[in-house]
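Asker: Dropping the structure in here first, questions after.
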2 protein chains.
Amino acid sequence: MALLLKSDIERGDAWQRALRACEPDMTVHDWPYDGDPAEIEFALVWGPPRGALRDFPNLKAIFSIGAGIDHLASDPELPDGVPVVRMVEPGLTAGMTEFVILSVLTHHRFMLDYAIQQRDKVWREIPQIAAAQRTVGIMGLGVLGSEAADKLAAFGFDVAGWSRSPKERPGIATFHGDAGLAPFLARSAILICLLPLTPETQGILNARTFAALPRGAALISIGRGAHVVEADLLAALDSGQIGGASLDVFRDEPLPSESPFWTHPRVIMTPHVASMTIPDSAAEAVVANIRRLRAGQPLEHVVDLGRGY
Amino acid sequence: MALLLKSDIERGDAWQRALRACEPDMTVHDWPYDGDPAEIEFALVWGPPRGALRDFPNLKAIFSIGAGIDHLASDPELPDGVPVVRMVEPGLTAGMTEFVILSVLTHHRFMLDYAIQQRDKVWREIPQIAAAQRTVGIMGLGVLGSEAADKLAAFGFDVAGWSRSPKERPGIATFHGDAGLAPFLARSAILICLLPLTPETQGILNARTFAALPRGAALISIGRGAHVVEADLLAALDSGQIGGASLDVFRDEPLPSESPFWTHPRVIMTPHVASMTIPDSAAEAVVANIRRLRAGQPLEHVVDLGRGY
């Protein structure tokens, strides 16, 4: 049994160690691989070159290293009939939940305003509102969005979620589809985007979307940079329609130095670090799924490439 | 039945409305009061002038508007034998918990470093550690500290608490007294001060305390400004012994414009807003306690003025 690993360079060793600890009988080959392609049964990858996974005739499953699988779905030359599996592992989920709670509390507690007051040496209390009066909207109710919604609701926030297809979740007001988008946006003083990136969600955060939010709403963009029409976001920030933004993802990464987001006083910028897969916990999830397959059970978390997530 | 109210000016109306809604039979007089002093049975106050509460011969209880009662305990001319009651109400507790979680996550997720990177247009991921590997220490395990400790533990942090007398709390490592302070500090990468202000805790955050922390620890100071020896904190920040600080309270408030905390790159400064009493929920707590007294039951949350909290 052999797995081909294409990680980012810095974490290759951690993956090797973690996978070996979970499944000593599995050989893990680093990318690029120049052995016998027929030996490779599994691929655990981030951003493989277009068409490259077609070279392995006995490939049984492709595991994405990240929660998003747009790096795979965008390859028109993926091998036919080989299931693609999204990453669902507790370390990634916990990190994303932390980042969502941190970002929501940052806007809820006016920390951008207080940072500006600190810079200007102004001592002034901004009247606080209770969490129950603060409406938070989450776009995307997959594993990450659902967990974040639950934790925000537990904090007392008034939480709604929006997804493509109808979903129910206790304690969360849910909306779906095109018809549900406007009413969802109209009640979201803090908007979080955790959608998958698909042709339908590309550019979904645009001037129309921003105009549908309550004036001065905060945006937390932690899905993919291509969800955002960046010129529209800048205009909305400058007009005050968007009161503040936490941006972790961008169309071009690293963000070019000429981007106005670096210096915008209403933007908190992070370099795509909202959450990352933790090799130790992720290796367990991948190995458990491989064992399921070998025991004749269906793989978990298989992507529907037709809908793109 | 009459209550004398000394609030800050902006919230006087909200208090009047909230108290009237809870107890229509109670007359609420605003400070200063020039009616018959014998009519006043209860005082709900923030920072009354020294000795002023001695003027009311039938005073049965003094309610503090804030969680801290140092503004009362520091008055050597408090009326003898009249119980002083700290403010315990869900709005105040929820607001403090929010601020603690926000501040801990801010340091846990390196947001000060990312803010400096944003200013310098540097795109660089800082390796994240899991919450379970992050040690958080809370000084003060009263109502506010205990609630914050529980919520941090629920987030997966490795939480310890320190208090003057021994306390037990499931899921929290507890330390107490002088002997427990050094081992508690040695394991606290993020230190939160929620102690009451007493002669014993004045200046407790000093050079010796900071030296006992792990190098680069973060400080979250949200109790009282006088807990901190400010010159020692500045030295610890400048040496890197303290890696970052969230400061909400100061020796002199408003913070004087010449204070170096305004401009220190490793300081997040807020103007004493970590939490505030919410008149609606607080009025319910005060009225419930008054009803308890009138029914012959003991008051809840009475302060031990001898120990100062």
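Asker: Mind checking whether some residue in segment A:227-239 is within 13 Å of the chain's Cα centre (by Cα) and under 15 Å from A:Met139 (Cβ atoms)? Break it down stepwise before answering.
Answerer: Filtering segment A:227-239 for residues within 13 Å of the chain's Cα centre (by Cα) gives A:227.
Those still in the list that are under 15 Å from A:Met139 (Cβ atoms) too: A:227.
Yes, segment A:227-239 contains a residue that is within 13 Å of the chain's Cα centre (by Cα) and under 15 Å from A:Met139 (Cβ atoms).
Asker: Specify the residue that is most open to solvent (accessible area, probe 1.4 Å); the eligible residues are those in segment B:248-279 that are of a type in the set (S, T, N, Q) and more than 7 Å from chain A (Cβ to nearest Cβ).
Answerer: B:Thr263
Asker: Then there's this: Show the residue pairs that are 6+ apart or on different chains and have beta-carbon atoms under 7 Å apart, the first residue being within segment B:58-72 and assigned by TED's automatic domain parsing to the domain that holds B:Ala282, the second being of a type in the set (Asp, Glu).
Answerer: Going by the 7 Å Cβ cut-off, the qualifying pairs are B:Asn58/B:Glu41; B:Leu59/B:Glu41; B:Lys60/B:Glu41.
Asker: Testing A:Ala67 on (1) at pLDDT below 95; (2) surrounded by fewer than 20 Cβ atoms within 10 Å (Cβ to Cβ), one condition comes back false. Which one is that?
Answerer: Only one criterion in (1) at pLDDT below 95; (2) surrounded by fewer than 20 Cβ atoms within 10 Å (Cβ to Cβ) is unmet by A:Ala67, namely (2).
Asker: Could you list, in sequence order, the residues of segment B:100-110 that are open to solvent by 10 Å² or more (accessible area, probe 1.4 Å) and among the hydrophobic types (A, V, I, L, M, F, W, C)?
Answerer: B:Phe110
Asker: How do the pairs read when you match residues in segment A:178-199 that are in contact (Cβ under 8 Å) with a residue 40 or more places away in the chain and among the polar types (S, T, N, Q) with residues anywhere that are in a helix (DSSP H, G or I) and open to solvent by less than 40 Å² (accessible area, probe 1.4 Å), using Cβ under 8 Å and keeping only pairs 6 or more apart or on different chains?
Answerer: A:Thr198/A:Asp70
Asker: Residues of segment B:216-240 being closer than 22 Å to B:Gly161 by Cβ and not small (Gly, Ala, Ser), which ones?
Answerer: B:Leu219, B:Ile220, B:Ile222, B:Arg224, B:His227, B:Val228, B:Leu233
Asker: Right, here's the next one. Quick check on segment B:129-149. Is at least one of its residues within 12 Å of chain A (Cβ to nearest Cβ), more than 24 Å from B:Leu205 (Cα to Cα), touching a His at 6+ places or on another chain (Cβ under 9 Å) and part of a loop (DSSP other than H, G, I, E, B)?
Answerer: yes
Asker: Additional query: Could you go through segment B:158-179 and let me know if any residue there is within 12 Å of another protein chain (Cβ to nearest Cβ), surrounded by 21 or more Cβ atoms within 10 Å (Cβ to Cβ) and within 21 Å of B:Ser221 (Cα to Cα).
Answerer: Checked against the condition, which is being within 12 Å of another protein chain (Cβ to nearest Cβ), surrounded by 21 or more Cβ atoms within 10 Å (Cβ to Cβ) and within 21 Å of B:Ser221 (Cα to Cα), segment B:158-179 yields no hits at all.
Asker: Answer yes if at least one residue in segment B:77-89 is hydrophobic (A, V, I, L, M, F, W, C), more than 14 Å from every other protein chain (Cβ to nearest Cβ), open to solvent by 20 Å² or more (accessible area, probe 1.4 Å) and assigned to a helix (DSSP H, G or I), and no otherwise.
Answerer: Checked against the condition, which is being hydrophobic (A, V, I, L, M, F, W, C), more than 14 Å from every other protein chain (Cβ to nearest Cβ), open to solvent by 20 Å² or more (accessible area, probe 1.4 Å) and assigned to a helix (DSSP H, G or I), segment B:77-89 yields no hits at all.
Asker: Which numbered condition trips up A:Arg292, out of (1) of a type outside the set (A, V, I, L, M); (2) part of a loop (DSSP other than H, G, I, E, B); (3) in contact with a Pro (Cβ under 8 Å, 6 or more places away or on another chain); (4) away from every other protein chain (no Cβ under 14 Å)?
Answerer: It fails just one condition, (2).
Asker: Mind telling me which of the residues A:Glu10, A:Glu41 ends up being touching a residue at least 40 places away in the same chain (Cβ under 8 Å) and either out of contact with any strand residue (DSSP E or B) (no Cβ under 6 Å at 6 or more places or on another chain) or not in a loop (DSSP other than H, G, I, E, B) (or both)? Please lay out each step first, then the result.
Answerer: Details: A:Glu10 fails: touching a residue at least 40 places away in the same chain (Cβ under 8 Å).
After applying the criteria, what remains is A:Glu41.
Asker: Here's a follow-up. Only one of (1) within 30 Å of B:Gly306 (Cα to Cα); (2) more than 14 Å from every other protein chain (Cβ to nearest Cβ) is not met by B:Ser239, so which one is it?
Answerer: With (1) within 30 Å of B:Gly306 (Cα to Cα); (2) more than 14 Å from every other protein chain (Cβ to nearest Cβ) applied to B:Ser239, the lone miss is (1).
Asker: Further question on the same structure: What is the number of the single condition among (1) surrounded by fewer than 16 Cβ atoms within 10 Å (Cβ to Cβ); (2) away from every other protein chain (no Cβ under 14 Å); (3) over 19 Å from the mean Cα position of the chain (by Cα) that A:Ala154 does not meet?
Answerer: So A:Ala154 meets the others, but not (2).
Asker: Follow-up question, since we're still on this one. Of everything in segment B:105-121 that's among the aliphatic types (A, V, I, L, M) and within 8 Å of chain A (Cβ to nearest Cβ), which residue is farthest from A:Phe155 (Cα to Cα)?
Answerer: First pass over segment B:105-121, keeping only residues among the aliphatic types (A, V, I, L, M): B:105, B:111-112, B:115-116.
Keeping just the survivors that are within 8 Å of chain A (Cβ to nearest Cβ) gives B:105, B:111, B:115.
Details: B:Leu105: 15, B:Met111: 21, B:Ala115: 26 Å.
Only one residue fits best here, namely B:Ala115.
Asker: Looking only at segment A:281-304, how many residues end up being surrounded by fewer than 16 Cβ atoms within 10 Å (Cβ to Cβ) and within 21 Å of the chain's Cα centre (by Cα)?
Answerer: Residues in segment A:281-304 being surrounded by fewer than 16 Cβ atoms within 10 Å (Cβ to Cβ) and within 21 Å of the chain's Cα centre (by Cα): 3 in total.
Asker: In contact with a Lys or Arg (Cβ under 8 Å, 6 or more places away or on another chain), open to solvent by less than 10 Å² (accessible area, probe 1.4 Å) and assigned by TED's automatic domain parsing to the domain that holds B:Leu219: does that describe B:Gly137?
Answerer: For B:Gly137, the condition - in contact with a Lys or Arg (Cβ under 8 Å, 6 or more places away or on another chain), open to solvent by less than 10 Å² (accessible area, probe 1.4 Å) and assigned by TED's automatic domain parsing to the domain that holds B:Leu219 - is met.
Asker: Any idea which of B:Gly223, B:Gly296, B:Gly203 is on the phi > 0 side of the Ramachandran plot and in contact (Cβ under 8 Å) with a residue 24 or more places away in the chain?
Answerer: Only one candidate qualifies: B:Gly203.
Asker: If you don't mind, another one. Of the conditions (1) within 15 Å of the chain's Cα centre (by Cα); (2) within 11 Å of another protein chain (Cβ to nearest Cβ); (3) of a type outside the set (Asp, Glu), B:Leu102 clears all except one; give me its number.
Answerer: Every condition holds for B:Leu102 apart from (1).
Asker: Might you check whether a residue that is without any contact (Cβ under 8 Å) to a residue 40 or more places away in the chain, out of contact with any Phe, Trp or Tyr (no Cβ under 6 Å at 6 or more places or on another chain) and of a type in the set (Ser, Thr, Tyr) occurs anywhere in segment A:146-154?
Answerer: Yes, segment A:146-154 has at least one match.
Asker: When segment A:31-54 is examined, which residues are found to be loosely packed, with under 14 Cβ neighbours inside 10 Å and more than 23 Å from the chain's Cα centre (by Cα)?
Answerer: A:Pro32, A:Asp34, A:Gly35, A:Asp36, A:Ala38, A:Gly51
Asker: Which of the residues that make up segment B:57-69 are away from chain A (no Cβ under 14 Å) and within 20 Å of B:Glu300 (Cβ to Cβ)? Let's see the steps before the verdict.
Answerer: Taking segment B:57-69 and keeping what is away from chain A (no Cβ under 14 Å), we get B:57-65, B:67-69.
Across segment B:57-69, the qualifying residues are B:Leu59, B:Lys60, B:Ala61, B:Ile62, B:Phe63, B:Ser64, B:Ile65, B:Ala67, B:Gly68, B:Ile69.
The values are calculated or read from the model by the stated rules, or taken from the named source; none is laboratory data. A quick note: this is a predicted structure, and the numbers were derived from the prediction, not measured. Counting neighbours? That spans all protein chains shown, and the Cβs are built from the backbone with ideal geometry, glycine included. All accessible areas refer to the heavy atoms of the entire protein, side chains included, with ligands and DNA or RNA removed. Shrake-Rupley method; radii C 1.70, N 1.55, O 1.52, S 1.80 Å.
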